[in-house]
1. Within the range 296-339, which residues are closer than 16 Å to Pro189 by Cβ and either part of a loop (DSSP other than H, G, I, E, B) or among the aromatic types (Phe, Trp, Tyr) (or both)?
2. If we scan the range 357-368, do we find a residue that is more than 28 Å from Val222 (Cα to Cα), at pLDDT below 95 and part of a helix (DSSP H, G or I)?
3. Can you name the helices (runs of 4 or more DSSP H) wholly within the range 134-210 that have at least 1 residues being surrounded by fewer than 17 Cβ atoms within 10 Å (Cβ to Cβ) and without any contact (Cβ under 8 Å) to a residue 60 or more places away in the chain?
4. Applying the selection to the range 87-112, what residues are under 19 Å from Asn35 (Cβ atoms), in a loop (DSSP other than H, G, I, E, B) and in contact with a strand residue (DSSP E or B) (Cβ under 9 Å, 6 or more places away or on another chain)?
5. Got a number for residues in the range 528-556 being modelled with pLDDT of 95 or more and either acidic (Asp, Glu) or within 19 Å of Val456 (Cα to Cα) (or both)?
6. Mind checking whether some residue in the range 522-533 is surrounded by 19 or more Cβ atoms within 10 Å (Cβ to Cβ), touching a residue at least 60 places away in the same chain (Cβ under 8 Å) and over 25 Å from the mean Cα position of the chain (by Cα)?
7. If you scan the range 296-340, which residues turn out to be surrounded by 17 or more Cβ atoms within 10 Å (Cβ to Cβ), out of contact with any helix residue (DSSP H, G or I) (no Cβ under 9 Å at 6 or more places or on another chain) and over 16 Å from Met198 (Cα atoms)?
8. Would you be able to tell me the number of residues in the range 274-290 that are among the β-branched types (Val, Ile, Thr), closer than 26 Å to Cys333 by Cβ and assigned to a loop (DSSP other than H, G, I, E, B)?
Amino acid sequence: MANDHRQTLNGAEVFIRALENEGVKYIFAVPGEENLAFLEALRNSGIRLVLNRHEQAAGFMAATYGRLTGQVGVCLSTLGPGATNLVTAAAYAQLGGMPMMMISGQKPIKSSKQGLFQILDVVDLMRPLTKYTRQISNANTIPAKVREAFRLASEERPGAVHLELPEDIAEESAEAGIHIFNPSDARRPTASEKSLDMACDMLRRAHHPLIMIGAGANRKRVSKALLHLVDVTGIPFFTTQMGKGVIDERHPRYMGNAALSAGDFVHCAIDRADLVINVGHDVVEKPPFFMTPGGKKVIHVNFSGADVDPVYFPQHEVVGDIANSVEYMAEHCGQCANHDFTGLMEVKQAVDKHLQERATDDRFPVIPQRIVHDVRSVMPDDGIIALDNGMYKLWFARNYPAYDNNTVLLDNSLASMGAGLPSGMMAAMLYPELKVMSICGDGGFMMNSQELETAVRLGLNLVVLIINDSAYGMIKWKQGQDGYEDFGLDYRNPDFVKYADSYGAVGHRVNRTEELRPTLERALEAGGVHLVDVPVDYSENRRVFDEELAELTCRL
């Protein structure tokens with residue numbers, strides 16, 4: 001964007017011009033009086049204001065925008081309590097590697113009329129949660145600070161940034177003809193040929209190699225390159241929770257999802273492997289397996305070097321653009337006569353059989369396997385499910401095959417409750433032609449349930465499936481695992497059908513198991529915002545995760 005010589009702009013107008021120059025399309029916001037100059041500048045811009053009902057939801061939507069597009073999502077709050085309500089979303093974006101900018105207001109910094117009323121050191125508060133946080137103290141510095149914040153939010157590893165715009169700086173005049181800095185076209189560096197050749201050499205010498213796909217690989221170019229590598233080499237692969245769908249999980253070499261850290265079928269395959277090519281994994285995600293000294297070798301392929309951890313210490317690193325690295329390996333490593341996948345494919349057969357068990361069980365309340373089966377049966381190949389955090393997330397990670405990247409949106413880094421509904425809303429906004437379903441527990445849904453009003457007001461096509469056990473179900477499962485008495489985790493819910501109807505959405509209640517699939521089909525087909533309340537029987541948690549897996553995986 002060229003310098004503007006036509007008029008003198010105030011700080012808020014300069015800020016908006018800088019955001020427009022970065023290609024910002026939406027700002028998700030709960031504004032306050034300290035944001036009014038910014039709001040007026042926004043009114044006269046091409047950026048769309050999305051008014052949320054809670055700052056946390058605004059942050060979750062901005063972070064999900066970053067996750068789905070690779071561009072920086074932007075959210076806005078006022079000072080004090082508005083800014084503190086963004087903290088969880090900041091951590092969500094930072095740990096999840098999602099590019100997001102938070103803008104918060106502040107009282108005037110050159111004069112004060114209200115003492116310390118509502119004033120917190122928000123910049124210091126955000127420091128451990130962001131890649132960059134600054135207070136703007138001069139309108140003339142806004143373009144540089146915005147450009148720097150966007151650069152850092154987008155660069156690998158992506159994350160959260162924060163700028164505080166005080167009320168008086170938003171209103172003060174900037175110098176005439178202030179320069180707005182253009183975005184950089186810098187490209188990601190490519191891994192060295194030496195490191196790539198070493199990786200190929202390790203792959204050729206291995207007998208039972210295995211590929212692991214993590215969150216950092218969840219991008220279109222990487223998907224294409226990884227599919228090429230698997231098809232050329234025949235190497236089986238598995239995924240972390242946040243790596244689901246990078247390769248179509250109907251692929252004959254797909255081994256399953258490491259939803260648990262140990263003790264699942266996929267860990268039998270990991271135990272049999274002598275080399276794991278770890279593509280896009282980040283230690284902020286719950287460990288998909290544990291490394292041990294003297295155990296299998298691991299090659300770390302990522303945009304940045306490995307963060308060494310007691311359970312993750314790769315013997316070789318390929319650092320650079322992931323897609324380029326994987327494509328080089330596909331072109332140069334070749335098929336290896338000494339590779340033997342017999343033992344790994346035996347595990348796959350056991351995985352496939354296990355995941356079909358009880359998928360059509362008709363008992364009521366509905367068991368998790370049936371819920372996952374029915375959701376998969378009604379969602380098209382390109383449909384998107386956005387999962388909140390709870391026990392059902394493990395079931396969907398393990399049992400729901402993803403057919404494309406970013407069609408299963410879940411968070412296994414911060415693993416915050418309350419994100420499922422806003423994440424689904426963002427997906428529905430971005431892709432109105434796709435079928436989108438938010439899948440929430442009753443506990444997680446109630447943490448941001450007020451955003452139903454936002455979804456209705458925005459005219460979204462979104463189905464919200466509430467998996468209802470009237471309790472914090474995952475914690476109850478853990479409580480039982482640890483040998484404690486059932487205590488303190490049950491509650492009562494509102495009538496979710498009436499609750500949805502009161503917002504102008506359409507509520508549905510599943511009263512028999514055979515009603516679940518047709519109810520979901522009708523809701524997806526009708527359009528608009530629909531809420532489906534389904535009671536769940538979580539007795540399968542103990543039977544499968546605590547008993548069956550321990551027995552069956554030991555036999556392999």
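The values are calculated or read from the model by the stated rules, or taken from the named source; none is laboratory data. Note that this is a predicted model, so its numbers are computed, not measured. No Cβ is skipped: glycine too gets one built from the backbone with ideal geometry, and neighbour counts run over all protein chains shown.
1. Passing the criteria: Phe303, Ser304, Gly305, Gly320, Asp321, Tyr328.
2. No: zero hits.
3. It comes to 142-154, 193-205.
4. Within the range 87-112, Lys107, Pro108, Ile109, Lys110 meet the criteria.
5. Counting residues in the range 528-556 that are modelled with pLDDT of 95 or more and either acidic (Asp, Glu) or within 19 Å of Val456 (Cα to Cα) (or both) gives 7.
6. Scanning the range 522-533 turns up no residue that is surrounded by 19 or more Cβ atoms within 10 Å (Cβ to Cβ), touching a residue at least 60 places away in the same chain (Cβ under 8 Å) and over 25 Å from the mean Cα position of the chain (by Cα).
7. Ala306, Tyr312
8. Selection size over the range 274-290: 1.
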